[in-house]
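This report refers to the structure that appears directly beneath it.
Just so you know, all these numbers are worked out from the coordinates, no wet-lab data involved. Here the structure is a predicted model, which is why all the values come from computation and not from measurement. Note: ideal-geometry Cβ built from the backbone for every residue, glycine included; neighbour counts use all protein chains shown.
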Amino acid sequence: MQLLQILAVVIIASLLVILVRERNESISFLLVIIIGVFIFLYILSHISQLFDVFNQIISRFNVSIPHLDTILKVIGIAYITEFASHLLKDADLEAIAVKVEMVGKIFILVLALPIFIAVLETLMHFIPH
Amino acid sequence: MNEVHLLFQVAAIGIVLAMIHTILKQMGKEDIAHWVTLIGFIIILVIVIDHLSRLFQQIKSVFLLQMIIRGLFM
């Protein structure tokens, strides 16, 4: 039932945004940011529970998933970049939104580099000299 | 539930600011009106930035973005 609660809050807040947008544009954008932040905070609490369960499963059945922390980091970066770029898109700042997404991709690439290197090394071992 | 309170507060500040702005404009004090709107905007900006930093802190802790990447990120 928490879902209905959060949906109600979001609908009310969006009505507020429309109300405030008539009078001054900038404060309505701040209101949009606050709504996004609240939704994210709400989701984050559930996601951290998810990750705790995930870690418990790993430790209990000692299934070792390689590079798990890198995967988590990549998810985190994607999360934040998408949050920022959609906010900017909502404020009609398309150019900056695209730049933000590019920055996010670069960071993910940098983060995933060691994995690429590991894969390449294993491939090189298969090829006989 | 305090989110809803905050949302209503920010919306209320926005609307009150707009009203003050128009009232001051009719009174002829145009420049004070702009100053009042600016100050109100800054107050809301501080509130938003406070919540944004809390969100970023939590994201860093949830997604383990802290440990090795300290140099890369911060």
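Excluding B:Leu6 itself, calculate the net charge of residues whose Cβ lies under 14 Å from the Cβ of B:Leu6, where each Lys or Arg counts +1 and each Asp or Glu counts -1.
The answer is -1.
If you take the square roots of the eigenvalues of the alpha-carbon gyration tensor of the protein assembly as shown and sort them as a ≥ b ≥ c, do you get rounded (a/c under 1.5), prolate (a/b over b/c) or oblate?
Judged from the Cα gyration tensor, the protein assembly as shown comes out prolate (a/c at least 1.5, a/b above b/c).
Cβ under 14 Å from A:Ser85's Cβ, A:Ser85 left aside: what net charge do those residues give with Lys, Arg +1 and Asp, Glu -1?
Spelling it out: positives minus negatives among the neighbours equals -2.
Please determine, in degrees from 0 to 90 and to the nearest 10, the orientation of helix A:68-90 with respect to the longest principal axis defined by the Cα atoms of chain A, where the helix direction is its Cα long axis.
30 degrees
Any idea how far apart A:Asn62 and A:Leu41 come out in nm if each label point goes 7 Å out from Cα toward Cβ?
Reported label-point gap for A:Asn62 and A:Leu41 is 4.2 nm.
Return one number: the angle in degrees, 0 to 90 and rounded to the nearest 10, between the long axis of the Cα atoms of helix A:25-60 and the longest principal axis of the Cα atoms of chain A.
Computed tilt is about 30 degrees.
Can you list the residues of the stretch B:1-27 with backbone N under 17 Å from a point 7 Å past the Cα of B:Ile43, pointing along Cα to Cβ?
From the stretch B:1-27, the list is B:5-24.
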